[in-house]
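For reference, the structure discussed in these notes is given below.
None of the figures in this text is laboratory data; all of them are computed from the coordinates on show. Computed from a predicted structure; not experimentally measured. All Cβ positions, glycine included, derive from the backbone under ideal geometry; neighbour counts span all protein chains shown.
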Amino acid sequence: MEKTFLMVKPDGVQRNLIGEIVSRFEKKGFQLVGGKLMSIPTELAQEHYGEHKERPFFGELVDFITSGPVFAMVWEGENVISTARQMMGATNPKDAAPGTIRGDFGITVGKNVIHGSDSPQSAEREIGLFFKEEEVVAYSKLINEWIN
Ligand code: RTP
Ligand code: MG
């Protein structure tokens, strides 16, 4: 079953949005298979956002994501990678549709509440960066029969 890496960013944690965000993915029908509150070491932040290292905002991005605890998660479900990105909304909250997480809770591109893997390759890479194998828990719920 497909898995993705999602993370409530430091602004989302400070604003008490962990529960709201977890709830949206739970109600959608996806399954939480890993989760932890953590502070991201600088080296991990640089590695995680490595694709942006030449961008002018890279320093700010790393400073922000290491500025306070994040809630890192692994979610599982059919098409969870692309569906979670749709539920997050556009990168810049000013362009994010109402009803999406960034559209409902964000204002500026730097503090956009949530991160989500953008492809199967990045999902695998990011899950591996943030979670040990034993921290991702395989389990089944009978309720899934009512969804799929
Ligand atoms: P994320 O990786 O955090 O899920 O966001 P994303 O895929 O929607 O956007 P991405 O292009 O990967 O950018 C990563 C994060 O960098 C910040 N950003 N700042 N100042 C700027 O112009 C700018 N552009 C991007 C955003 O916080 C974005 O989430
Ligand atoms: Mg990205």
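For the stretch 20-74, enumerate the residues that are crowded, with 17+ Cβ neighbours inside 10 Å, free of Cβ contacts under 8 Å to residues at least 40 places away in the same chain and either under 17 Å from Glu135 (Cα atoms) or away from ligand 1 (no atom under 15 Å from the Cβ) (or both).
Correct list: Gly35, Ile40.
Yes or no: Ala138 within 30 Å of Pro56 (Cα to Cα) and either in a loop (DSSP other than H, G, I, E, B) or within 15 Å of ligand 2 (Cβ to nearest atom) (or both)?
For Ala138, the condition - within 30 Å of Pro56 (Cα to Cα) and either in a loop (DSSP other than H, G, I, E, B) or within 15 Å of ligand 2 (Cβ to nearest atom) (or both) - is not met.
Please pick out the residue among Lys132, Lys94 that is within 13 Å of ligand 1 (Cβ to nearest atom), among the charged types (D, E, K, R) and more than 15 Å from the chain's Cα centre (by Cα).
On inspection, the qualifying residue turns out to be Lys94.
Test Phe5 against the criterion of being more than 13 Å from ligand 1 (Cβ to nearest atom) and among the aromatic types (Phe, Trp, Tyr), and give yes or no.
Numbers: more than 13 Å from ligand 1 (Cβ to nearest atom): no; among the aromatic types (Phe, Trp, Tyr): yes.
For Phe5, the condition - more than 13 Å from ligand 1 (Cβ to nearest atom) and among the aromatic types (Phe, Trp, Tyr) - is not met.
Taking the stretch 68-86 as the region of interest, how many residues are under 11 Å from the mean Cα position of the chain (by Cα) and under 20 Å from Gly19 (Cβ atoms)? Walk me through how you get there before you give the answer.
Step one: list which residues in the stretch 68-86 are under 11 Å from the mean Cα position of the chain (by Cα), which gives 70-75, 81, 84-85.
Keeping just the survivors that are under 20 Å from Gly19 (Cβ atoms) gives 70-75, 84.
Total meeting the criteria: 7.
So Lys111 passes all but one of these: (1) of a type outside the set (Phe, Trp, Tyr); (2) crowded, with 21+ Cβ neighbours inside 10 Å; (3) touching a helix residue (DSSP H, G or I) at 6+ places or on another chain (Cβ under 6 Å). Which condition number does it fail?
Of the numbered conditions (1) of a type outside the set (Phe, Trp, Tyr); (2) crowded, with 21+ Cβ neighbours inside 10 Å; (3) touching a helix residue (DSSP H, G or I) at 6+ places or on another chain (Cβ under 6 Å), the odd one out for Lys111 is (2).
Do any strands (runs of 3 or more DSSP E) lying entirely in the stretch 1-105 carry at least 2 residues that are touching a Gly at 6+ places or on another chain (Cβ under 8 Å), and which ones are they?
Where strands (runs of 3 or more DSSP E) fall fully within the stretch 1-105 and carry at least 2 residues being touching a Gly at 6+ places or on another chain (Cβ under 8 Å), they are 3-8, 70-76.
Tell me, yes or no, whether the stretch 121-135 has at least one residue that is closer than 17 Å to Leu6 by Cβ and in a loop (DSSP other than H, G, I, E, B).
Within the stretch 121-135, one or more residues are closer than 17 Å to Leu6 by Cβ and in a loop (DSSP other than H, G, I, E, B).
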